[in-house]
Every structure is written in structure tokens, then in C-alpha cells.
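These notes are about the structure you will find just below.
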Amino acid sequence: ELRAPPDKIAIIGAGIGGTSAAYYLRQKFGKDVKIDLFERGEVGGRLATMTVRGQEYEAGGSVIHPLNLHMKRFVKDLGLSTIQSSGGLMGVYNGETLVFEESSWFIINMFKLIWHYGFQSLRMHMWVEDILDKFMRIYRYQSHDYAFSSVEKLLHSLGGDEFLGMLNRTLLETLQKAGFSEKFLNEIVAPVMRVNYGQSMNINGFVGAVSLSSADSGLWAVEGGNKLVCSGLLRASKSNLISGSVMYIEEKTRTKHTGNPTKMYEVIYQIGSEIRSDVYDIVLVATPLNRKMSNITFLNFDPPIEEFHQYYQHIVTTLIKGQLNSTLFSSRALDKFDLSTILTTDNSDLFINSIGIVSSVTEKDNPQPLTDRGYVWKIFSQEILTKEQILKLFLSYDYAVKQSWLAYPHYKPPEKCPSIILHDRLYYLNGIECAASAMEMSAIAAHNAALLAYHRWNGHTDMIDQEDLYEKLKTEL
Ligand SMILES: Cc1cc2nc3c(=O)[nH]c(=O)nc-3n(C[C@H](O)[C@H](O)[C@H](O)COP(=O)(O)OP(=O)(O)OC[C@H]3O[C@@H](n4cnc5c(N)ncnc54)[C@H](O)[C@@H]3O)c2cc1C
Ligand SMILES: CC(C)=CCC/C(C)=C/CC/C(C)=C/CSC[C@H](N)C(=O)O
């Protein structure tokens, strides 16, 4: 019942979304389809490293959850190795003092948490676990080849109205309703949102839960850099990398070798000063669609493709090798200061969101000071740090590098996610970021888009937007 596979597929963007789409499209459509992957920057996109004194450190997407099964699978299939994220002790600074400090003794830590916040930390853990449990259903659905035509339908199939409700309410509203105290929210939850998404608790409840899951143990990264997954998937998918910038996509009618006039997509792109074009049966857009980030124009579509104006949050990653000025945070001298990560509260009025010691992408053990004059610290801030600000943070430093990002959507519930199907055979992956931006979310969107493109090409409508999948697959056991 299968139609002949398409001749050519284009994917725009070689981040984790685009490269995993290439991998899954190859699995579904087989070896004969030609897959072109367009990338105007570096393969990896928001997975990138920066170098300090000859060592590489993650500058963008850095930690992966132990239950992120697509990322786990890629690493295994590609023969890559992993590094466990080193714990270290965390403290929370409110602009005046450290309102919470972890202890290296598990039991003392427990007592501290209970003393400060009662059993809220445990309740929060259970709340996140319950959401993760439902979220994990996606792997079952995808392993049975089911696909969804919108982000909302995908989320509904996992967690029903509860998940859709989370998209439409702020994390603050959701957690207040669940009875968490102001103190716990301000001193623990808000700092986690600031380090992960550079935003307040006014982000949507779903991305809030994803963010809180990063407090689980067992986080990991890829040895050599997470971007190795992208270059590995590109190779494994036997796709053709075109290092150029896509400017326009236009619908065109072409006569194929069968002699039939066929609707196709012309992709017009720039390499250096040269403009080229090629036509494709299927196109997947794997980059956020907005003027600042991808600047792709859709020409002559009837009806026109909707314009996307999603605003992405500006975040700066700065890496500094130096000696922290611990007195900024505590009256203790540096030799008594054992925190390796400092988060900040929303009202801290500080020019940073967080600061923490980081390991290089090859360090298997706990981070080591590069010389006796200091560790490498990673700082997240809304704006580029001035020299005066760096000198406030460090007693001395001898190296600083920075990278500015349009990092993730500026979350503002209620969220209306962009469509996955932009046109007949034109698909958009990054709409999923409106629910939550993370490597695994891009991989899930990529697998879904590959399945959707495959089923729509072959007319398998029964594999798309099936309701009650959880119950159906349960009885299939
Ligand atoms: C600072 C930071 C920290 C993060 N930390 C984590 C983390 O710890 N864990 C986690 O899971 N996630 C994290 N994330 C989020 C994660 O990195 C992203 O969700 C994920 O990498 C997005 O991948 P993507 O492939 O969808 O998009 P991208 O990586 O943005 O890929 C899109 C690609 O398309 C290319 N492109 C754009 N326009 C065009 C065009 N016109 N023509 C050709 N190519 C084009 C771009 O150059 C880019 O390479 C972090 C992100 C940032 C910025
Ligand atoms: C998608 C699911 C279920 C889980 C992903 C959990 C996760 C790893 C979230 C992190 C998201 C994120 C944007 C983190 C940014 S900062 C990361 C880190 N603290 C750093 O210092 O770089």
C-alpha cells in the first residue's frame, strides 16, 4: 500500500531538531530519497561549545535528563560516550544574603529543606514526577509510529486537559493553586526558572515542570560536546549538508519523470554572494520562524503561510576563569566558601541570573581548577557583562569569553502553539518550543514530523491524531 518514496526532501537547520529529523526521515523513507540539510551557521545550532585555555565548555544546551530517551538512544546508536553532570553544592542569593545553602550531607540537606520549607520540596518532586510519567507516554506512541498534527494534540494525548491547562496558565498560578508557599516559590522555584529559562514564574506551567525536572539527579552530557550528536546524526542519516542560508520557499508546479505535473517546493538559498535554488517534494523547517532568527519568506502560497512573531529571550553565557569574590554573596572567606553554584531570586536585583563552576566537555571527574588561580565559572545574564560587573564578581580573572543567544521563547501564557503543518508537505518543528524548549523536545518534534510526513505521503490517516492512544496501546500488551 506504499506509494513510491519522494525523490527529494529539504530540511532547514542542522541543530538537534533538523539532524534528528534527517535521521528519522531516513529510517521511514529508506535509502533512495535524497535528503538536503541546509545550515547557515554551525552544525549543532544552539548546541555549541566555547574554548577557555584550550578546553571546550558547553555554551548552549548543556544538560540532559536521564529520562530523555531520544537523546539516550542517539548517543547509543552513534557510539558516543556520556559524562555525568557533577553535583556540587548550590546556594540561593536574594540580593542581601544566601537564603538557602545545600549541605554535602544528604541527611543534613533533608533537615535543612524541611526546616525551611516543610515537606514542599518532596511534594514538588512528586508533582514533577507525575508530569514526567505522563510525558513518557510519547515514547510508546512514537515507537508504534503514531503522529500528531499539532503540538496541542500531542500534549493532549499525553496528559489530557491537565497538560493543555498547564500551557494556558502561569507556573506561579499553577503552583499557588496546588498550595505551595510564597517562600518556597520565591526562594527555590523562581531561581530554578531564572537559571534555566532566564524568566520568572510567569512562564507556562508545562515549561515550568520541564525546568523543575532539571533538579533531578542523574543529569548527563555528551563527552566531547552535545553538538557531536548533531554531526553524528547528519552522518548516520547520509544527508547532504548545504552550508547556505535559506531565503525563500515557494510553491511551484514541475513535471516529474512520470510526466505528471506535480506541486513541489522551491527552496531559494544563498551561499556567499551566490543565489541558488532547488525543488523538493517535502520540506521541514527546523529553526524558529521569525525575522531575527531565520528570516525565511514564504512566497506565493494561497492561502498565505501565517507570519510568526514569537519573541525569543536574549541570554548571555559568559565563561570566566578566575577567583570568585565570595564576599559578594556571603561573609565567609573564599577558603570557607564551598558553593559551586549560586542561583538568584527574582528580587535579588543582581546583574546575573546564576553563576556556577563548570567542567570541560572532556572532564569525567568533578571540575578541576585550571591552575591554582581558579575554576572556570559559567554565568547566565540578560545582558553582556561590563568589565566593572566582572570585577565585582571576581577577585581576579584572567580569561573571559561570551556568547549571546536568542535562547528560548519568551513564555507568556496562554500559549497558542504554531502549526506543525504549514502547507500540504511543508512542516514546522520548532512550534514545540512554545510548550518547552529543550534538546529532547526538538528530538520529539523531529520524530513526530518525520512520522507525520511519512503517513501523509502514504495516505495513512489512521496513524495521525488517534484519540485514547494510551488506553488502546495498554490493551495491546
Ligand atoms: C544558553 C542555552 C542553554 C540551554 N540549556 C539547555 C539544557 O541544558 N538542556 C536542554 O535540553 N536544552 C537546553 N537549551 C535548549 C536547547 O539548546 C534548544 O532547545 C535546542 O538546541 C534547539 O534545537 P533546534 O535544532 O530546534 O534549534 P537550533 O539549535 O536553533 O537549530 C536551528 C538551526 O537552523 C539554522 N538556521 C536558521 N535559519 C536558517 C536559514 N534561513 N537557513 C539555513 N539555516 C538556518 C541555525 O543556524 C541553527 O543552526 C539551552 C539553550 C540555550 C540557548
Ligand atoms: C524535556 C524534559 C522532560 C526534560 C528536560 C529537562 C532539562 C534538562 C531541562 C533543562 C532546560 C534548560 C533550557 C536548561 C538551561 S541551563 C542548563 C544548565 N543549568 C547550565 O548551567 O547550562
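The values are calculated or read from the model by the stated rules, or taken from the named source; none is laboratory data. These numbers come from a predicted model, not from an experiment. As a convention, Cβ positions derive from the backbone with ideal geometry for all residues, glycine included, and neighbour counts pool all protein chains shown. These accessible areas exclude ligands, DNA and RNA; they are computed on the full protein's heavy atoms, side chains included. Shrake-Rupley method; radii C 1.70, N 1.55, O 1.52, S 1.80 Å.
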Worksheet entry | In nm, spacing of pseudo-spin labels at I390 and L98 (7 Å Cα→C-beta vector) | 2.5 nm
Discussion item. Can you give me the accessible area per residue for the stretch 133-225, using a 1.4 Å probe, in Å²?
Written reply: 34 Å²
Worksheet item: If you put +1 on each Lys and Arg Cβ and -1 on each Asp and Glu Cβ, how big is the dipole of the chain around its Cα centre, in Debye rounded to 20?
Response: 820 debye
Practice prompt. Please calculate how many Å² of accessible area the stretch 406-477 carries per residue, with a 1.4 Å probe and no DNA, RNA or ligand atoms counted.
Written response: 39 Å²
Fill in: Accessible area (Å², 1.4 Å probe, nearest 10) - I275
90 Å²
Discussion item. Using a 1.4 Å probe on the protein heavy atoms only, what accessible surface does F337 show? Give it in Å² to the nearest 10.
Written reply: 20 Å²
Worksheet item: On a 0 to 90 degree scale, rounded to 10, what angle separates helix 439-458 from the longest Cα axis of the chain?
Response: 10 degrees
Item to complete: Calculate the dipole size of the stretch 349-477 relative to its Cα centre from +1 charges on Lys and Arg beta carbons and -1 charges on Asp and Glu beta carbons; express the result in debye to the nearest 20.
Response: 420 debye
Practice prompt. Kindly flag which residue pairs out of K31/K134; K112/K387; K112/K177; K134/K412; K31/K76; K76/K378 have an alpha-carbon separation exceeding 31 Å in this structure.
Written response: K31/K134; K112/K387
Worksheet item: Using alpha-carbon pairs under 8 Å, 6+ residues apart, how would you state the relative contact order of the stretch 336-476 in percent?
Response: 12 percent
Fill in: Charge sum, other residues only, whose C-beta stays under 12 Å from T82's C-beta, Lys/Arg counted +1 and Asp/Glu -1
+2
Worksheet item: Got a number for carbon plus sulfur as a percent of the chain's accessible area, 1.4 Å probe?
Response: 52 percent
Worksheet item: How would you order 92-99, 395-402 from highest to lowest mean count of nearby Cβ atoms within 10 Å?
Response: 92-99, 395-402
Worksheet entry | Per-peptide average of other Cβ atoms within 10 Å, ordering 437-448, 455-466 highest first | 437-448, 455-466
Worksheet entry | Neighbourhood charge, 13 Å Cβ-Cβ cut-off, centred on N300 and excluding it, Lys, Arg +1 and Asp, Glu -1 | -2
Worksheet entry | Peptide ranges 304-315, 281-292 listed from the most packed, as the mean C-beta count within 10 angstrom indicates | 281-292, 304-315
Item to complete: Calculate, in nm to one decimal, what K292 and K412 gain on full extension: separation in residues at 0.36 nm each, minus their alpha carbon distance.
Response: 41.3 nm
